[in-house]
Amino acid sequence: MITVLVVDDHPVVRDGLIGMLGAEAGITVVGEAGGGYEAVTKIADTSPDVVLMDLRMPQGSGVEAIRAVRATGSATRILVLTTYDTDRDIRSALEAGADGYLLKDTRRADLVRAVADLADGRPVLTAAALAALTGRAGESSLTDREVDVLRLVADGRTNRAIATRLGIGEATVKTHLMHVYEKLGVTDRASAVRTAWERGLV
């Protein structure tokens, strides 16, 4: 069972995340906090496997909370879930010790998968976050849709299955893959998947 703590200064957002995650088999929400200062205390009290951490909150920012948690030596995995995706925000969070970075427009299934991935020790980063962390120009130009296609390729899906899953045409899938190959500097699906794994894209 994966234990989760939700940190966000908006009660409606917290309630939505708690309800969504609490309905998932294998996930238990053990607490919530409305600000960074409160989050540090709650994390110490509950020792959750994963924390969903907002960045900008009036009662202690997410970055401040992450630094404080890391200073204690806590092994809790911290997933930043925010509306902000500037290089400055991303770098501040990752340098403070965040283990993952997602935006609040992430789909439910992807968020649930991210929680499971983090609990298993796998990194969870948007293409923009990965680019900010590594400074790799090619990765910075990967679109969210291209990352979606990459993940499905890594799952072993065919182009037709990917097209059905994403609700796009098979020709569009092929176009996305061509762009991915070019940006990652590879020439085939196997190399794309291997490179994506090495760089934490999937």
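The values are calculated or read from the model by the stated rules, or taken from the named source; none is laboratory data. All of these numbers come straight from a predicted model, not from anything done at the bench. Here the Cβ is made from the backbone with ideal geometry for all residues, glycine too, and neighbour counts use every protein chain on show. Heads up: the accessible areas ignore ligands, DNA and RNA and are worked out on the full protein's heavy atoms, side chains in. Shrake-Rupley method; radii C 1.70, N 1.55, O 1.52, S 1.80 Å.
A few comments on the model shown:
- Looking across the stretch 166-187 at every residue that is open to solvent by 60 Å² or more (accessible area, probe 1.4 Å) and outside any helix (DSSP H, G or I), the one that is modelled with the highest pLDDT is identified as G167.
- Hits in the stretch 154-164 (condition: modelled with pLDDT under 90 and in a helix (DSSP H, G or I)): A154
- Considering residues of the stretch 73-117 that are within 19 Å of V147 (Cα to Cα), among the small types (G, A, S) and assigned to a helix (DSSP H, G or I) only, the residue most open to solvent (accessible area, probe 1.4 Å): A109
- Checked against the criteria, E64 does not count as modelled with pLDDT under 90 and in contact with a helix residue (DSSP H, G or I) (Cβ under 6 Å, 6 or more places away or on another chain).
- When R56, R70, R14 are checked against the criterion of being open to solvent by 10 Å² or more (accessible area, probe 1.4 Å), closer than 19 Å to R122 by Cα and touching a residue at least 12 places away in the same chain (Cβ under 8 Å), a single residue qualifies: R70.
- A single member of V4, V51 is in contact (Cβ under 8 Å) with a residue 60 or more places away in the chain, closer than 16 Å to A119 by Cβ, touching a strand residue (DSSP E or B) at 6+ places or on another chain (Cβ under 7 Å) and surrounded by 21 or more Cβ atoms within 10 Å (Cβ to Cβ), and it is V4.
- Matching option when the condition is out of contact with any Phe, Trp or Tyr (no Cβ under 9 Å at 6 or more places or on another chain) and surrounded by fewer than 16 Cβ atoms within 10 Å (Cβ to Cβ), among A163, A190: A190
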